[in-house]
1. Could you tell me which residue of region 46-94 is surrounded by the most Cβ atoms within 10 Å (Cβ to Cβ), considering only residues that are at pLDDT 90 or above and more than 25 Å from residue 264 (Cβ to Cβ)?
2. Under 6 Å between Cβ atoms, which residue pairs at least 6 apart in sequence (or on different chains) link something in region 91-120 that is closer than 30 Å to residue 340 by Cα with a partner that is at pLDDT below 90 and surrounded by 15 or more Cβ atoms within 10 Å (Cβ to Cβ)?
3. Any residue at all in region 435-445 that's free of Cβ contacts under 8 Å to residues at least 60 places away in the same chain, in a helix (DSSP H, G or I) and closer than 30 Å to residue 187 by Cβ?
4. Looking at region 369-385 only, could you name the residues that are within 15 Å of residue 300 (Cβ to Cβ) and free of Cβ contacts under 8 Å to residues at least 40 places away in the same chain?
């Protein structure tokens with residue numbers, strides 16, 4: 001049920017009543033819910049050890065400071081032509097358009113219309129039989145305006161919500177860029193690790209093949225038992241199979257990098273042909289000690305906070321729906337009548353109606369809208385808190401993984417040096433007949449495991465740095 005005032009002669013009384021009722025209801029308006037404080041969810045300090053060594057590098061564009069030209073070229077190529085980024089920018093454009101549409105609701109609406117008609121000027125039964133009726137031509141043009149006056153701020157709340165979602169869309173577009181750069185770096189370092197492991201397995205396979213060749217010669221001379229020669233052949237075959245498997249893994253990793261960067265595979269292989277720069281991974285990444293400074297850089301946390309503010313504004317808009325609405329309309333135009341060769345021009349205008357409407361009974365529609373808006377707000381708050389917890393967990397995990405990798409790298413390097421000396425001595429003894437083939441194979445296995453462990457530790461340090469870049473939001477400043 002709606003109460004409406006339409007008569008122009010009482011518009012002054014209606015305006016006064018609307019303003020009085022607006023002031024009364026504004027004093028009774030329920031306040032919007034306050035968004036939760038972000039700082040309440042943060043830890044006071046990071047529990048995991050912070051990276052150290054070297055000057056702190058900026059998280060934004062860290063790949064340029066890493067000194068690896070191949071990595072920089074691949075990330076630049078990915079950022080320049082990614083369909084994912086194009087889709088994210090399109091979502092930003094949509095959000096901006098929706099915000100502009102919401103702002104348009106605050107302004108009067110103006111339109112123009114024109115019409116023309118021609119017909120018999122009389123009506124049935126008004127003229128005598130045989131009398132010709134005059135032909136009347138009517139031409140009319142004018143402008144019409146309407147304005148819903150935003151008494152209680154409903155439209156302003158919708159504008160606020162739309163603007164918050166625009167900011168959130170911008171943040172998510174930045175998140176797409178951060179994620180893409182991190183994905184390329186992860187895959188790049190994974191491919192470099194795969195290539196290093198392939199070199200190691202290739203060298204190991206060549207060494208085992210040489211041992212098998214010497215064992216076959218020794219068996220032919222009667223100095224080596226057939227079982228020993230068979231062991232050498234089996235070891236060589238196992239190394240060849242491992243090398244083929246590693247090569248296939250590198251090929252698959254390369255395909256992933258091709259898809260991420262959009263580069264043709266020959267171009268990608270050409271960019272990766274130079275050896276990567278040798279730089280301590282620990283010096284490439286650093287974050288500040290204050291969690292607030294780090295978490296504010298995360299685009300997903302920023303976007304979640306914007307969604308809380310948007311939902312909060314929509315709660316206010318839903319509450320305003322139960323208050324009076326005031327609208328005003330008007331028009332101005334020109335009218336020309338032509339009949340029997342005579343023309344007459346008129347100017348026409350109208351102001352009003354000034355209409356005040358107040359919902360009294362709507363079957364619970366407004367109350368349901370309020371409940372739905374508050375439900376969306378509660379959901380946005382919960383999602384926001386979950387994003388903050390996820391941010392803390394990801395940063396802590398990256399710090400722990402980076403610290404562990406840096407801690408074990410010196411020991412892994414020492415283990416490789418020791419096992420390499422042992423293998424060289426055992427191989428020399430084997431050639432002189434002072435060590436058995438099983439002893440040589442055990443020394444070889446130890447060296448291979450140590451070299452693999454060192455390569456993995458160095459890769460884990462770089463990967464943890466990339467994860468820290470991703471977890472800290474890529475150095476984005478809103």
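The values are calculated or read from the model by the stated rules, or taken from the named source; none is laboratory data. Owing to the predicted nature of the structure, the values given are computational and were not obtained by experimental measurement. A quick note on method: Cβ atoms are made from the backbone with ideal geometry, for glycine too, and the neighbour counts reach across all protein chains shown.
1. Among residues in region 46-94 that are at pLDDT 90 or above and more than 25 Å from residue 264 (Cβ to Cβ), the one surrounded by the most Cβ atoms within 10 Å (Cβ to Cβ) is 92.
2. Close Cβ pairs (under 6 Å, with a partner that is at pLDDT below 90 and surrounded by 15 or more Cβ atoms within 10 Å (Cβ to Cβ)) amount to 115/140; 116/139; 117/138.
3. Here is the first cut: in region 435-445, the ones free of Cβ contacts under 8 Å to residues at least 60 places away in the same chain are 435, 439, 442-443, 445.
Now narrow it down to the ones that are in a helix (DSSP H, G or I): 439, 442-443, 445.
If we keep only those that are closer than 30 Å to residue 187 by Cβ too, we end up with 445.
Within region 435-445, one or more residues are free of Cβ contacts under 8 Å to residues at least 60 places away in the same chain, in a helix (DSSP H, G or I) and closer than 30 Å to residue 187 by Cβ.
4. Hit for region 369-385 is 382, nothing else.
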